[in-house]
Amino acid sequence: MSNTKQLPLDALHKELGGRMVPFAGYDMPVQYAAGVMAEHLHCRAHAGLFDVSHMGQVRLVPKGGAEATALAFEALMPAAVLGLPEGRQRYGLFTNDTGGILDDLMFANRGHDLFVVVNAACKTADLALMQAGLSDTTEVIAITDRCLLALQGPEAEAALARLVPQVADMRFMDVIEADHPEFGSLWISRSGYTGEDGFEMSVSDAGAEGFARALLAMEEVLPIGLGARDSLRLEAGLCLYGHDIDETTSPVEAGLAWSIQKARRAGGDRAGGFPGADRILSELANGAARARVALRPEGRAPMREGTVLLAQGAEVGQVTSGGFGPSVGAPVAMGYVPAPLADPGTELAGRVRGKDLPVTITTFPFHPHSFKR
Amino acid sequence: MRFTEEHEWLRVDGDLIVVGITEHAATQLGDIVFVELPEIETQVAKDDEVVVIESVKAASDILAPVDGEIVEVNEALSDNPALVNDDPLGEGWFFKVKVDDLSVVDEYMTEDEYQELIG
């Protein structure tokens, strides 16, 4: 027997024809009957429902003032927490002492708490990190009785607004708490990881099946598996933790310096004071030695993770994520190369099954974002 | 038509054997986005990796089911790899191989035996 865990909506995934595979310790649907390509294109044209309940949901509830919690949280990551307005969400990175990335996460200021969503594979370590760093000031509460669903795509707003009308007034990275008579409390953010407009929705285990079925009953909504989730986020140029970012990549190398607000940078009110600040602040000032770049292989052969990148026959880097982009209609990839080779237009080679095939550095994203800002 | 445990089919066409993958395999692989075919006139041995199929999700190798010489490949797959999904037993064929003795195909499963395998 496998030792993977089942999602609360496991039976629904199987009923929908989900092909289940082990992922981050859970049995997860990699695709449904429609298949990866159709699911991907449907999400870009209409709306797709994703079950991301494997991810970690955590509440940070201040024991005293909210400022003490915000400052303790800031000691774990370079993002600014203090100053994040109530009702807003931000992307952050837990860093280590050498400036590498321990995980990427979302955190939302809901007034009475900070609601945090972390990656499934990192959630045990993240929880320990937050407990060690915040327990003096904050109750760190792991949420184990709620599902997390994402509804993504240009028709996501129209679909969700039938059940929760107030989502139509939200803009990108807004968060609300809504009470639904049938599905209970819904914690909704206008965000996602596909490059499309959409929502991420925390719902009680008890309310999740009814909520998912209500959305799936709508004409514009199809269930989307991990396969299309990966191709969508790849086309959007977004990083997959453990692949495109990890304990050895810094936020600056990864092109995620935008997630470090001015207050935490040199000259800011709360400059530094996060793990790895020496390296990260130095790279912000002087540039990093390497950079994460967008790669467009010539022809149709995908360059997948681990593909060696070469310049004039010498190995200069590797692909960290790559595959076929259904909306682009061609292979797309990302990886790291030395900074002098990172300019768009630079022509490199990728070694695919012993053959060196041309690949050109381009710009992110491969498919334009359509967030409702 | 005969079938391998690796979900390939073999069909005798004149003095050649045509090779492709089964509908079951095509469905399992999902949407195929790239097929790397062997060079014509390549000598292959049974179980050599001769074709690489890339789906949206992953790359898979197709093994040569027999010893022989590749004499023709399905060039249409270069521009339209989805033929493998659309018509795996027909337009989605991969290559034709010249063998010493066409009776090698008899080592492989009949359709009934294959259906039982995937049943």
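Taken over region A:191-208, the criterion of being surrounded by fewer than 23 Cβ atoms within 10 Å (Cβ to Cβ) and of a type in the set (A, V, I, L, M) is satisfied by A:Ala206 alone.
Test of understanding: among A:Ala33, A:Ala38, A:Ala70, which residue is away from chain B (no Cβ under 14 Å), among the aliphatic types (A, V, I, L, M) and out of contact with any helix residue (DSSP H, G or I) (no Cβ under 6 Å at 6 or more places or on another chain)? Spell out how you get there, then give the answer.
Numbers: A:Ala33 fails: away from chain B (no Cβ under 14 Å); A:Ala38 fails: away from chain B (no Cβ under 14 Å).
After applying the criteria, what remains is A:Ala70.
When the test is whether a residue is modelled with pLDDT under 95 and out of contact with any strand residue (DSSP E or B) (no Cβ under 7 Å at 6 or more places or on another chain), B:Asp87 does not pass it. Scanning region B:26-68 for residues that are more than 10 Å from chain A (Cβ to nearest Cβ) and charged (D, E, K, R), we see that the one that is surrounded by the most Cβ atoms within 10 Å (Cβ to Cβ) is B:Asp67.
Filter region A:352-373 down to residues that are more than 14 Å from chain B (Cβ to nearest Cβ) and basic (Lys, Arg) and give me whichever is surrounded by the most Cβ atoms within 10 Å (Cβ to Cβ). This residue is A:Lys372.
Name the residues in region A:181-201 that are within 14 Å of A:His369 (Cα to Cα) and either among the acidic types (Asp, Glu) or in a helix (DSSP H, G or I) (or both), would you? Working first, answer last.
Filtering region A:181-201 for residues within 14 Å of A:His369 (Cα to Cα) gives A:190-198.
Hits for region A:181-201 are A:Glu196, A:Asp197.
Scanning region A:106-138 for residues that are free of Cβ contacts under 8 Å to residues at least 24 places away in the same chain and not polar (S, T, N, Q) turns up A:Ala125, A:Ala128, A:Ala132. For residues that are within 19 Å of the chain's Cα centre (by Cα), among the hydrophobic types (A, V, I, L, M, F, W, C) and in a helix (DSSP H, G or I), scanning just region A:94-129, find the one that is surrounded by the most Cβ atoms within 10 Å (Cβ to Cβ). Here the residue is A:Cys122.
Here A:Glu253, A:Glu315, A:Glu305, A:Glu283 are screened, and the one residue that is among the acidic types (Asp, Glu) and within 14 Å of chain B (Cβ to nearest Cβ) is A:Glu305. If you go through region A:130-180, how many residues are closer than 18 Å to A:Val58 by Cβ, assigned to a helix (DSSP H, G or I) and in contact with a Lys or Arg (Cβ under 9 Å, 6 or more places away or on another chain)? Of the residues in region A:130-180, 0 are closer than 18 Å to A:Val58 by Cβ, assigned to a helix (DSSP H, G or I) and in contact with a Lys or Arg (Cβ under 9 Å, 6 or more places away or on another chain). Looking across region A:318-335, the residues that are among the small types (Gly, Ala, Ser) and either out of contact with any His (no Cβ under 8 Å at 6 or more places or on another chain) or more than 14 Å from every other protein chain (Cβ to nearest Cβ) (or both) come down to A:Gly322, A:Gly323, A:Gly329, A:Ala330, A:Ala333, A:Gly335.
Considering only region A:233-337, give the strands (runs of 3 or more DSSP E) lying wholly within it that have at least 1 residues that are closer than 21 Å to A:Asp104 by Cβ. Hits in region A:233-337: A:290-297, A:314-325. Among the residues of region B:69-76, is there at least one that is more than 28 Å from A:Arg19 (Cβ to Cβ) and within 14 Å of chain A (Cβ to nearest Cβ)? Yes, because at least one residue in region B:69-76 is more than 28 Å from A:Arg19 (Cβ to Cβ) and within 14 Å of chain A (Cβ to nearest Cβ).
Okay, residues lined up against (1) in contact (Cβ under 8 Å) with a residue 40 or more places away in the chain; (2) touching a helix residue (DSSP H, G or I) at 6+ places or on another chain (Cβ under 8 Å); (3) of a type in the set (D, E, K, R):
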site	(1), (2), (3)
A:Ala266	no, yes, no
A:Ser282	no, no, no
A:Arg351	yes, no, yes
A:His369	yes, no, no
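Picking from residues in region A:284-325 that are in contact with a helix residue (DSSP H, G or I) (Cβ under 8 Å, 6 or more places away or on another chain) and surrounded by fewer than 22 Cβ atoms within 10 Å (Cβ to Cβ), the one that is farthest from A:Ala349 (Cα to Cα) is A:Leu284.
From the list A:Ala214, A:Ala228, A:Ala236, A:Ala263, which one is within 14 Å of chain B (Cβ to nearest Cβ) and either of a type in the set (A, V, I, L, M) or closer than 30 Å to A:Leu163 by Cα (or both)? None of the other options fit; the residue is A:Ala228.
Annotation for region A:336-349: no member residue is within 14 Å of another protein chain (Cβ to nearest Cβ) and either closer than 18 Å to B:Val35 by Cβ or under 28 Å from the mean Cα position of the chain (by Cα) (or both).
Check region B:83-99 and report whether any residue there is within 12 Å of the chain's Cα centre (by Cα), within 14 Å of chain A (Cβ to nearest Cβ) and more than 21 Å from A:Val352 (Cα to Cα). Checking region B:83-99: at least one residue is within 12 Å of the chain's Cα centre (by Cα), within 14 Å of chain A (Cβ to nearest Cβ) and more than 21 Å from A:Val352 (Cα to Cα).
For region A:286-302, what are the residues that are out of contact with any strand residue (DSSP E or B) (no Cβ under 6 Å at 6 or more places or on another chain) and more than 14 Å from chain B (Cβ to nearest Cβ)? Of everything in region A:286-302, those that are out of contact with any strand residue (DSSP E or B) (no Cβ under 6 Å at 6 or more places or on another chain) and more than 14 Å from chain B (Cβ to nearest Cβ) turn out to be A:Asn286, A:Gly287, A:Ala288, A:Ala289, A:Ala291.
Specify which of the listed residues (B:Val97, B:Val52, B:Val104, B:Val84) is in contact with a helix residue (DSSP H, G or I) (Cβ under 9 Å, 6 or more places away or on another chain) and outside any loop (DSSP other than H, G, I, E, B).
Numbers: B:Val97 fails: in contact with a helix residue (DSSP H, G or I) (Cβ under 9 Å, 6 or more places away or on another chain); B:Val52 fails: in contact with a helix residue (DSSP H, G or I) (Cβ under 9 Å, 6 or more places away or on another chain); B:Val104 fails: in contact with a helix residue (DSSP H, G or I) (Cβ under 9 Å, 6 or more places away or on another chain).
Residue meeting the stated conditions: B:Val84.
Checked against the criterion of being at pLDDT below 95 and either touching a Ser or Thr at 6+ places or on another chain (Cβ under 8 Å) or not polar (S, T, N, Q) (or both), the candidates B:Leu29, B:Leu37 yield just one match: B:Leu29. Applying the criterion of at least 3 residues that are touching a residue at least 40 places away in the same chain (Cβ under 8 Å) and surrounded by 20 or more Cβ atoms within 10 Å (Cβ to Cβ) to the helices (runs of 4 or more DSSP H) found wholly in region A:1-89 leaves A:36-45, A:66-74.
The values are calculated or read from the model by the stated rules, or taken from the named source; none is laboratory data. These numbers come from a predicted model, not from an experiment. Please note: Cβ atoms are built from the backbone with ideal geometry, for glycine as well, and neighbour counts cover all protein chains shown.
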